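Okay, so here's the structure we're looking at.
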Amino acid sequence: MGWSDVGIRSSIVVLSLLALTATSVADAAARPAPAAAAEAATVTTMAAAAAGCDGVAVGPEEVVVSAATRDRLGLKGWPDSAISAERTSDGRLLFHAPDAFGGPAGGPAQRNVVTAGDLEDPVSGGIVKAAPVRNAPDGYAWIGGGPIWKAPDGTVLKVLHLEKYNAAGNLFYAELHLGRHDPATGVTTYLGPVARPDNDLRTAFGLNQIADMGMSSLTRRGDHLYVYFPDFTVDSRGRPASTALSVARAPVAEVLAAAAAGKATTWNKYHDGGWDSPAYGDAATGAGPSTDLQPGLSMAWAPHVARLASGGVLMAAAVSTREIVISTSPDGVRDWSARVPLFREAEDRHVAYVSVVGTGADPATVGRSFYVYYTQWLSPNPDWTRAQLVRRHVRCTATLAAEAVPLIRHLNAGHHRVTTSLLAEAGTYPQFGGIWGLLSARRPGTRPLYECRAGAHDFFVSKDAACDAPGNAIVQTLGWIHTARPAAPSTPLYRCDQPGKGHHFVSITADCEGDGTPEGLLGYALSTTRTPFVRYYNGWEHRETTDSVTSSYKREKQTWYLENAERPGTIPLYGCSYAVPRGINHFVSVTADCEGLTRVRKEGYLHTQPPSSDYRPLYRCFWPANHDHFLSTEADCEGVQGGAREGRLGYVATSPGFTDDAAAASPAGRG
């Protein structure tokens, strides 16, 4: 919030809050360290966020509200804080967040926005209401609210962020206040103050200090509501200082009674083991100090804290303008786990305003699977014309059932990428035999692998949760690999570097197939007798192959799998071609002479009967308008106009066919 003056002001905020941040936004794209050296530096916190979320796995980014969608809805500076999800009595999901611009003429530019939607698209139902805070006090230059707490009686309370400016110094001073949201009208009415920094405004501005408390979530623990924030004070030498994480609380009963009377109750900060430090104070005494719950660490933006269904709380926070972490505590005050890095953006991205949203009936409660939402600017500095809302799926896997997931080595114009994501970039194809199995959850005898990126194009696999160097991007958690050879069919995986080509790849040979520099053993992955069989499309003709494709082709369907060698009950499948008016068309056939046309290669082997439930019939279809033969597992050939089914070729696998006792075993008692 408070980015109305994008540019000079944003630079000051970053410099003020990130002076001691371990991961600097100025870090250049760093090359990954050799895997052997990275092993010693592996971040153990991925196994140690133990107070309710261990075995953390993070999925790739998903854009849920694009800049174009925001523009279409007239949201110019949204979301300018963490979003907050509310489940209504009729089952709808509403999302609360402020818009930095669009307020009424003559008043603060901000307005509170409520949208209707779902977890995949929080604005699919449009804007329900967009209005400024009612009865807000004078003297503030920024007034808006985002995170809510919904009481059992239906009362909806909203945290408000209010700012005062010092235009001469490009400084601002933030406070936390409280409002009551009316579901019937969609309007939030001001109630009163909650917390402000230890330093008063005059002291902060005199120290040239930007005192930004952010916009906290409201978290209930027992009989109290909690707000979390960085606090601002002076150190022993009179210099400006801040805490990484402070907290204030008030009794739930008092908060609700005061809200019913149209005001806010008194809140107190946690300080030196007690709760007697005033969170706001009065004109004479001011606010009191607070204890840093995570001393020695940094915080770039206000944290979002959610209640764990298993007990305790989970905090998500941006610790730089590129990196978001989580940490847990059994009581919301003490014994915080080490911070676990969820992801780190590349240098050309800027992130803020992280939110945690549960997937159950109450989105304010987090289970073993949840989403982290955040505002992402497609630029190194905030630029609202290039802002979008992004989410990532986070799983706490230690007590979840483990499944085998395919890790596939792709190639595109000489550049490798080894990932579990489905890639659809033009010219990208899985390399024959380059498929291995990881586990989707942490199990004894396994270690996590991460997908990382150095610079613009060098995607690589690492055993280090921090991706070997602070300048590298953390893309996602790939899965868990065995540290020793398991009983199930497996193969060693090695990381390899190609310095002259500027990228890495993964190999089953310790010498990197004679085409790279070995960087050490990653572990032992599950192996399979199948290979990916992909359907591509170039705009007028389909091609299905286990071979390479040119940049004119783009992956169209989720991968099927063929046997890579003859097995009982299988027949060979051939890739064929023939000339058509537009050039060369490709098709597949079960006859070795390609039905009298040109045979290109043997693709693999189909089963004549389905060996198990993960096999589907594979039909060859014809699209006359394009002289195009294509494959489908749907008997109606996907309803292509004028299309004709030419027959069933056999049965194709829809899964890679890994087997592993650890994946099949119950997770009970593990983790």
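Points worth noting:
- Stokes-Einstein D (µm²/s) once Rh is taken as the Kirkwood radius of the stretch 402-489 over alpha-carbon pairs, at 37 °C in 0.692 mPa s: 238
- Residue-span extension gain [Asp348 to Ile584] - 0.36 nm each, minus C-alpha spacing: 80.9 nm
- Ratio of Rg to Rh for the stretch 121-229: 1.02 [Cα atoms; Kirkwood radius as inverse mean 1/r over pairs].
- Residues in the chain average 38 Å² of solvent-accessible surface per residue, probe 1.4 Å, ligands and nucleic acids excluded.
- FRET efficiency, 1/(1 + (r/R0)^6) with R0 30 Å, evaluated for Asp362 and Ala510 via beta carbons: 0.05
- Semi-axes of the equivalent ellipsoid for the stretch 547-671, Cα gyration tensor, largest first, Å: 32, 17, 15
- Computed from backbone phi, the HN-Hα couplings of the stretch 524-539 come to 10, 9, 5, 10, 9, 8, 9, 9, x, 10, 10, 9, 10, 8, 10, x Hz, rounded to whole numbers (Karplus: 6.51 cos²θ - 1.76 cosθ + 1.60, θ = phi - 60°; Gly and Pro given as x).
- Size of electric dipole in the chain: Cβ of Lys, Arg +1 and of Asp, Glu -1, about Cα centre, debye, nearest 20: 340
- Sparsely packed trypsin sites (Lys or Arg not before Pro) within the stretch 155-247, loop by DSSP, other Cβ within 10 Å at most 10: Arg237
- Within the stretch 541-581, backbone nitrogen closer than 11 Å to the virtual label 7 Å beyond the Cα of Thr529 toward Cβ: 563-570
- Per-peptide average of other Cβ atoms within 10 Å, ordering 477-488, 298-309, 83-94, 607-618 highest first: 298-309, 477-488, 83-94, 607-618
- Calculated FRET efficiency for the pair Glu62/Arg87, C-beta based, R₀ 25 Å, to 0.05: 0.75
- Net lengthening on full extension, Trp275/Ile571 (0.36 nm per residue, minus Cα-Cα): 99.1 nm
- Protection-proxy order for peptides 277-284, 521-528, each taking the mean of Cβ atoms within 10 Å per residue, highest first: 521-528, 277-284
- Ordered by solvent-accessible area of protein heavy atoms (1.4 Å probe), largest first, the residues Arg339, Arg322, Arg582 come out as Arg582, Arg339, Arg322.
- Kirkwood Rh and Cα Rg combined as Rg/Rh, the stretch 182-297: 1.00
- Computed E for Ala283/Ala105 - FRET, C-beta separation, R0 51 angstrom, nearest 0.05: 0.95
- Value of Rg to Rh for the stretch 91-152 (Rh from inverse mean 1/r over Cα pairs, i.e. Kirkwood): 1.03
- Cα pair distances in the stretch 517-574, grouped into 10 Å bins until the bin that holds the longest one, percent each: 19, 35, 28, 17, 1
- Rounded to the nearest 20, the size of the Cβ-charge dipole of the stretch 193-258 about its Cα centre is 60 debye, with Lys and Arg at +1 and Asp and Glu at -1.
- The label-point distance for Asp121 and Tyr537, in a model that sets each label 7 Å from Cα toward Cβ, rounds to 1.9 nm.
- By definition, a body whose alpha carbon gyration tensor gives a ≥ b ≥ c is oblate when a/c is 1.5 or more and a/b is not larger than b/c, and the stretch 365-514 fits this oblate description.
- For the chain, with +1 on Lys and Arg beta carbons and -1 on Asp and Glu, the positive-most of Phe370, Asn564, Met299 along the dipole: Phe370
- Selected from Pro624, Val63, Ala318, residue furthest toward positive end of dipole (the chain; charges at beta carbon): Pro624
- Annotation for Asp614 and Arg645: the two label points, set 7 Å from Cα along the Cα-Cβ direction, are 2.5 nm apart.
- What the Cα atoms of the stretch 513-618 give is an Rg and a Dmax of 16.4, 51 Å.
- What the Kirkwood sum gives for the stretch 72-192 is a hydrodynamic radius of 14.6 Å, with every pair of different alpha carbons counted.
- In terms of distances greater than 20 angstrom between alpha carbons, the cross-link table entries Lys129/Lys158; Lys463/Lys554; Lys76/Lys164 yield Lys463/Lys554; Lys76/Lys164.
- Label point distance in nm, Ala151-Arg485, each placed 7 Å from Cα along Cα→Cβ: 6.5
- Of all accessible heavy-atom area on the stretch 103-233, the percent that carbon and sulfur account for (1.4 Å): 46
- Applied to the stretch 253-265, the Karplus parametrisation 6.51 cos²θ - 1.76 cosθ + 1.60 on θ = phi - 60° returns per-residue 3J(HN,Hα) values of 4, 5, 4, 5, 5, 5, 4, 5, 8, x, 8, 10, 8 Hz, with x for Gly and Pro.
- The share of C-alpha pairs in the stretch 461-536 whose separation exceeds 15 Å stands at 65 percent.
- A viscosity of 0.692 mPa s and a temperature of 37 °C, combined with the Kirkwood radius over C-alpha pairs in the Stokes-Einstein formula, give the chain a diffusion coefficient of 121 µm²/s.
- Fraction in percent of alpha-carbon pairs per bin - 5 Å, the stretch 344-409: 4, 15, 18, 16, 15, 15, 13, 4, 1
- Paramagnetic reach from Ala167 in the stretch 137-153 [backbone N under 17 Å; point 7 Å along Cα→Cβ]: 139-143
- Fraction of accessible area attributable to carbon and sulfur, the stretch 328-393 (%, probe 1.4 Å): 50
The values are calculated or read from the model by the stated rules, or taken from the named source; none is laboratory data. In this text the structure is predicted, and so the values were computed from the model without any measurement. As a convention, Cβ positions derive from the backbone with ideal geometry for all residues, glycine included, and neighbour counts pool all protein chains shown. Surface accessibility is based on the protein's heavy atoms, side chains included, excluding ligands, DNA and RNA. Shrake-Rupley method; radii C 1.70, N 1.55, O 1.52, S 1.80 Å.
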